[in-house]
C-alpha cells in the first residue's frame with residue numbers, strides 16, 4: 001500500500017548537524033537525474049534575489065526562503081515526514097507516533113515534492129521553497145516531473161491512495177488500475193448532500209493517515225481498506241470512478 005501526500009509550503013528548520021543533501025540516498029534512484037536538474041535550477045535562480053522573489057511568488061517578508069534555497073546542498077537534513085509542517089502534517093503528528101507507527105509511515109507514505117519528485121517519508125531533505133506553480137527558468141515543473149513520477153507510480157504494485165491536491169497530482173498522475181484511487185474529503189449537509197471541504201480537507205487527510213499508521217495494516221486491496229474503515233468507525237466509501245470519499 002502506498003499513500004501519496006502533497007508537500008507543504010512551510011518547512012521545519014534545522015536537521016542533523018553534519019549531514020547534508022545526498023540525492024543518491026533518496027528513494028526511487030531513477031529520479032536522481034531530474035532531482036539534480038531541479039536542484040541546480042533552483043539554486044541558480046536563487047542567486048538573483050529579485051528574480052527568485054517573482055518566480056517563487058514570495059512576499060517582502062520571505063527573503064529567508066531564498067537564503068534556504070541558496071544553501072540547499074549544504075544545509076542540514078531531516079526526514080521528509082518531519083520537515084513538512086502545516087494542517088495536514090499536524091493531523092499526522094509524526095513526533096507523537098510510536099516506533100511501530102512511524103515504521104508504518106516510513107514504509108507506506110510518499111510525498112510528492114516539486115523539487116525532489118516522489119520522496120519516501122523517511123528521505124532526508126533540507127528546508128527549501130519551491131511550489132507546483134513556481135517558475136524555474138528553462139524547467140517547467142509539470143513537464144519536468146509528469147512522466148518521471150508517473151513511471152514510478154506505474155511500477156508500484158497494490159493499493160495507491162492519492163491524498164495530493166489536483167495541482168500536485170498533475171506532477172505525476174495515478175496509473176489507471178482498480179487499486180489506485182484519489183481520496184476526496186467531504187461532509188454531509190443537513191439534507192444529506194455531500195460537500196467537498198477546503199481547509200478541513202487537509203486536517204481530515206492527516207488524521208486519516210495517522211489512523212492508518214495506528215492500525216499497522218498493509219491493505220492489499222481497496223476492498224480490504226473499506227472493510228477496515230467500516231470496522232473502525234471511519235466513514236470511507238466508493239465515490240466516482242477512481243475515487244474514495246472520506247466523510248468527516
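What follows is calculated from the coordinates using simple rules that are stated; it is not laboratory data. A quick note: this is a predicted structure, and the numbers were derived from the prediction, not measured. Cβ placement follows ideal geometry from the backbone for every residue including glycine, while neighbour counts extend to all protein chains displayed.
Miscellaneous remarks
- Taking 0.36 nm per residue of sequence separation and removing the Cα-Cα distance, the residue 143/residue 200 pair yields an extension gain of 17.5 nm.
- Remark: relative contact order (the range 106-248) = 19 percent; criterion is Cα-Cα distance under 8 angstrom and separation of 6 or more residues.
- Pairwise FRET efficiency - residue 49 versus residue 73, Cβ, R0 = 25 Å, nearest 0.05: 0.85
- The alpha-carbon atoms of the range 1-131, seen along their principal axes, cover 45, 31, 28 angstrom, with the largest extent given first.
- The label point for residue 247 and the one for residue 90, both projected 7 Å from the Cα toward the Cβ, are 2.6 nm apart.
- GNM top mover of 30, 211, 62 - the chain, alpha-carbon springs below 10 Å: 62
- Estimated from the Cβ-Cβ distance and a Förster radius of 25 angstrom, the FRET efficiency linking residue 131 and residue 103 is about 0.25.
- The range 9-79 has equivalent-ellipsoid semi-axes of 22, 16, 10 Å, by the square roots of 5 times the alpha carbon gyration tensor eigenvalues, sorted largest first.
- Inter-part distance where the range 9-36 and the range 122-185 are each reduced to a Cα centre, Å: 16
- The chain: antiparallel DSSP beta bridges as a percent of all, rounded to 5: 50
- A Förster distance of 22 Å, applied to the separation of the beta-carbon atoms of residue 237 and residue 215, puts the FRET efficiency at 0.80.
- Diffusion coefficient, µm² s⁻¹, Stokes-Einstein with Kirkwood Rh over alpha-carbon pairs of the range 83-157 at 20 °C and 1.002 mPa s: 152
- Kirkwood-Stokes translational diffusion coefficient of the chain, alpha-carbon pairs, 20 °C, 1.002 mPa s, µm²/s: 115
- Measure of compaction for the range 122-248 (Cα Rg per 2.2 N^0.38 Å): 1.18
- Taking each DSSP H run with n ≥ 4 as -39500 (n - 2.57) and averaging over every residue of the chain yields -11000 deg cm²/dmol at 222 nm.
- Listing 228, 104 from fewest to most neighbouring C-beta atoms within 10 Å gives 228, 104.
- Using a Gaussian network model of the chain in which every pair of alpha carbons under 10 angstrom is joined by a spring, one finds that among 138, 158, 204 the greatest mean-square fluctuation is at 138.
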